[in-house]
1. How about the chain: what cysteines have no other cysteine beta carbon under 4.7 Å from their own?
2. With the other protein chains left in place, how much accessible area per residue, in square angstrom, belongs to the chain at a 1.4 angstrom probe?
3. Multiplying the sequence separation of Lys256 and Thr226 by 0.36 nm and subtracting their Cα-Cα distance, what value in nm do you get?
4. Report the gain in length on full extension from Asp519 to Lys88: 0.36 nm times residue separation, minus Cα-Cα distance, nm rounded to one decimal.
5. From a point 7 Å beyond the Cα of Asn107 in the direction of its Cβ, which residues of region 1-25 have a backbone N at a distance under 12 Å?
6. Please grab the % of Cα pairs in the chain that end up more than 41 Å from each other.
7. Go ahead and estimate [θ] at 222 nm for the chain from helices alone: -39,500 (n - 2.57) per DSSP H run with n ≥ 4, summed, over the residue count, rounded to 500.
8. Work out from phi, with θ = phi - 60° and the Karplus expression 6.51 cos²θ - 1.76 cosθ + 1.60, the ³J(HN,Hα) of each residue of region 350-364, listed in order in whole Hz, and give x for Gly and Pro.
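The values are calculated or read from the model by the stated rules, or taken from the named source; none is laboratory data. A quick note: this is a predicted structure, and the numbers were derived from the prediction, not measured. Here the Cβ positions follow ideal geometry from the backbone for every residue, glycine too, while neighbour counts run over all protein chains shown. Ligands, DNA and RNA are excluded from the accessible area calculation, which covers all protein heavy atoms including side chains. Shrake-Rupley method; radii C 1.70, N 1.55, O 1.52, S 1.80 Å.
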Amino acid sequence: MIDRETVDRIYAAANIVDIVGDFVTLRRKGVNYQACCPFHNEKTPSFVVSPSKGVYKCFGCGKGGNAVTFLMEHENITYPEALKMVAKRYGIEVREKELTPEEERRNNDRESMFALNGWAADYFARYLHHESEGMSVGMTYFRQQRGMTDATIEKFGLGFCPAKGDRMSLDALAAGYKEEFLLSTGLSIRSERDGSLFDRFHDRVMFPVHNISGRIVAFGGRTLRTDKKVAKYQNSPESEIYSKKRELYGLYFAKKAIQQQDFAILVEGYTDVISMHQAGVENVVASSGTSLTTEQIRLLSRFTRNITVIYDGDSAGIHASLRGIDMILKEGMNVRVVLLPEPEDPDSFARSHTAEQLQEYIRANEQDFLAFKARLLLQDAQGDPIRKAALIGDMVQSVAQIPDPIQRSVYIQECARIMEIDEQILISEVARKRLATSGDRETDEFVRRQTALRRETPRPPEVEFVQHVEAGSSAEALERELCKYLLKYGHCSFDFKEGRSMVACNVAEVIFDELADGDLTFRNPQYDKIRAAYLEQWQQSGVGVEVPAHVFLNHLDPEVCNVSVDLLFSDDNYVASELWKRKEVHVESDAEMLAVGVPKAVALYKTKVIEGLIKECQARLGEEGLTDGQEDEIMQRMAALNRAKVTMAKKLQRLIL
């Protein structure tokens, strides 16, 4: 058995475009990719891959799933074999064995750490909004010094940790969280003097760090003191759930905008990201105080191949960061650079400009990274031939990182022009460097002069991520509908008319309360696993909090993954019951649709369950050898079920009217 932590690493590393692209010729269409389906014969592409969601879906044959289930289906292999195949591709070690009690405990500990971080984020946010210290110190900093709106503060979950050194730790222990997890997450530190706990982030404004699926893996805390002996920023240490080289601050909030605009903006810190989001530029992330890593670049490459790096006008770190950006080139990404006017940084510049002004400045001032680097180094050389020779070596090092031979050739031409050097010299030096470092023997590609870039492949007509499904009246069809409501709208609210008054309802709460009333589970095993997984997450996070889609799309049961894809990409305007269509109910908004659909779906489902139980009782009455007592018991059971059926029928009639 492959442990859950390794499975999570495999899913995090898997780039579905790369994996599917090994077997299918994908063509980009908008934010998705298209191809003719590999699972059935077709001439018009109906097979769509969504890199942001990490799933594929064929709207011809109906097959869908994630990268792992694609390999299972295409290669006719088992789930563990598919996991190993993905792991091998990304260099992830897989040790297959039965989990020991210690490994089971470790997996449980990871979930406990996630739960504690979630509690801590809520705690810091409540303290910021409702405690006098949080409001006078933290809110003053966010609102007045940083110009953040309440909506922005809430969006990023910003908070404040009390100045009293152990208050948060004591409150966490009082709330039932264990000392070991306070230490392992780094929220608390043990005193060497007396062994007591104190808060790592005491007297700091707090920035939660979300992973790509929205779970909080770490925190950053900024002191507001002027004492230079106190570090300005304090960050969570590495842990079972947090590796700083694998996380990009803001990516959870930026991924949709990055995909839509097909480029990401890279800045330095938390407030740079937040201020640009508030200004209306949302395709922005930060490496948050760590040098850019290969893991971070690969994470970003799931959404775009284009990165724009914004430097402060007076940034002293430009030279130091040049080497790190070579790593982006090595991953086949396109890099551009924007220099801000002195003394601006992304935070201050975003606060003094509108979204349109920001975007226009970026468009007007971005430069190709290699051209920028060549000009920067030429300024340093200032006519010194020795330094210019070193500059050429530096440029050769960068160009040699580029995997695409045509792109390398174009850059060689540009660098030769800027540096006023024979192009053939650069060609041979780059070829030699690649041969020495990577064994690349594509020298001919360097020698061949390219006159034009590849022609863009004609794109096929758009295929929407929409599935139209005929409604059914069976209990299983209603189980499917309830699962769809949970996955797509479980966190949403609607107003339900109860008598003459309107009652505010939450979708998941209505469904789970009604199911609990009859102690009901779903008979279809996949739907019941979705119900159980959602219920577990919902009980941890609370009413109104969206359960991340990855819980279902990356479920340990591949069938649950595939079913979840179907549910998440079914038509939003689909209504379960044919009866509602006959009544010609016109639903204009999600809230109106939910107010109509959710109560009816639950009521219809409970009615179907009751009818099934009545049939079971009738069948039992037909059995031979029943005693009078057994017959009486069955008859009483049937009477109770019939009363419940009448009650549900009346409820349904009210809902219909």
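1. Here Cys36, Cys61, Cys161, Cys415, Cys483, Cys492, Cys505, Cys561, Cys617 come out as lacking a disulfide-compatible partner, given the Cβ-Cβ threshold of under 4.7 Å.
2. 50
3. Full extension from Lys256 to Thr226 adds 7.0 nm.
4. 150.7 nm
5. 1-8
6. 40
7. -16000 deg cm²/dmol
8. Per-residue couplings from phi come out as 5, 6, 10, 9, 7, 4, 5, 5, 4, 5, 5, 4, 5, 4, 7 Hz.
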